[in-house]
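In what follows, a single structure is set out as structure tokens and then discussed.
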Amino acid sequence: MILPRRAALLGLATGATFGSTRMALADAPTGKRFVVVILRGALDGMAAVVPYGDPGLAGLRAEIVPPGPGQPDGLLDLGGFYGLHPALIGMHAMYRANQALAVHAVAGAYRVRSHFEAQDYLESGADRRMTSGWLNRVAGELSGAATNRPDGDALAVGLSVPLLLRGPARVGNWAPNGFSQPAPDLYAAIAALNQHDPVIGPAIAEGLRGRGFSDAVLAGQVEPSDKNAFPALARIAGEMLGAPDGPRIAALEVGGWDTHTAQARRLTGALKQLDAGLMALQTALGPVWARTAVLVMTEFGRTVRINGTQGTDHGTGTVALMLGGAVAGGRVSANWPGLGPDRLLENRDLAPTTDLRAVAKGLLAAHLGLNPTALSRIFPGSETVAPMTGLIAA
């Protein structure tokens, strides 16, 4: 996708869509880049960054924990207590280059288990529903004031603007014909609903086979995949962010993290897509990667114990990931609560010990130079939440 220079100068703001992934971009008067990646569906933080050194782990979820570091298909060691999921090879390379940092046992200011509510709070940056998103307010604080251009202060590339970037800035919309493609599981659902119709069923199945859907997917035996969508979108975002006159702020999102069933299998594919996307972003940014910070966040974690279908249900504590050449990486930061029976939240969840807003504030303060007054406007009601320090390299 090629956008004219004028569009980039307007301050890009959202929505290139590839299946279950979307992208939003915004302009800001800074030479640094800031990227937020939302994992919709609630990532199991204990599966992405596994606390294999906790003695309580095996008794709670041994069936879905990969082998230990050094074993075939084993965890990628992060210093002796934590290990990255083996699908995150690229992220592990960033970690070894001191460009990846994990903050464990984090959660937002809310305590809800509804995806819709939690995602609203995650994007608004508050513990209540709002009509604007915290990343929109970041762009506003950096620019100082909105302009009165008749075509708006930002251009939405796609069909919708995510809450994270909605706000006072006027946003125009543009999308080429056929740019937004439905997620693959929608096609599979249509095939399943019509498979018993003697006329429509075979016709739909034949058409979907022509699109590359296998008989196993059409029969519901395996899940469809849009595994190349997020890497493609991340590459486009990197090319735009890397342009001298391009945007400086981006928000990307990818779904597929609601792993109620068969988590080990499903999560491996999702993590591989995330890893490939982050590597594509790094490559596309080129030398600008050195001035980039990426925050990967999700609406809440998942239960510590597995359920009867080898999955996990909606929980609380999870992990936040930071990557980029500007990040002080090569470590895991955590006030680890432990997995003993008296340490779990409500006897089911990883107990959160760090407010996600502290992580975001720490990045915004150290990387983009936003002061405490600006941070309190960006995250309303967070005056008692101090920015986490040491996230950005000196």
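A short reminder: the numbers here are calculations on the coordinates, not readings from a lab. As the structure is a prediction and not an experimental result, all values here were calculated from the model. Cβ placement follows ideal geometry from the backbone for every residue including glycine, while neighbour counts extend to all protein chains displayed.
Any chance you could run the full-extension gain for Arg128 through Gln71? It's 0.36 nm times the residue separation minus the Cα-Cα distance, nm to one decimal.
Once the chain is fully extended between Arg128 and Gln71, it gains 16.0 nm.
I want the local charge near Arg33. Using Cβ-Cβ distances under 15 Å, sum +1 for each Lys or Arg and -1 for each Asp or Glu among the other residues.
Charge balance near Arg33 sits at +1.
Lys and Arg at +1, Asp and Glu at -1: add these up for the other residues within a Cβ distance under 11 Å of Pro387 and post the number.
+1
With label points built 7 Å along Cα→Cβ from the Cα atoms of Asp342 and Asn371, find their separation and express it in nm.
4.7 nm
Net charge around Ala374, counting only other residues with Cβ within less than 11 Å of its Cβ (Lys, Arg = +1; Asp, Glu = -1)?
+2
Compute the distance from the alpha-carbon center of segment 301-343 to that of segment 36-61, in whole Å.
4 Å
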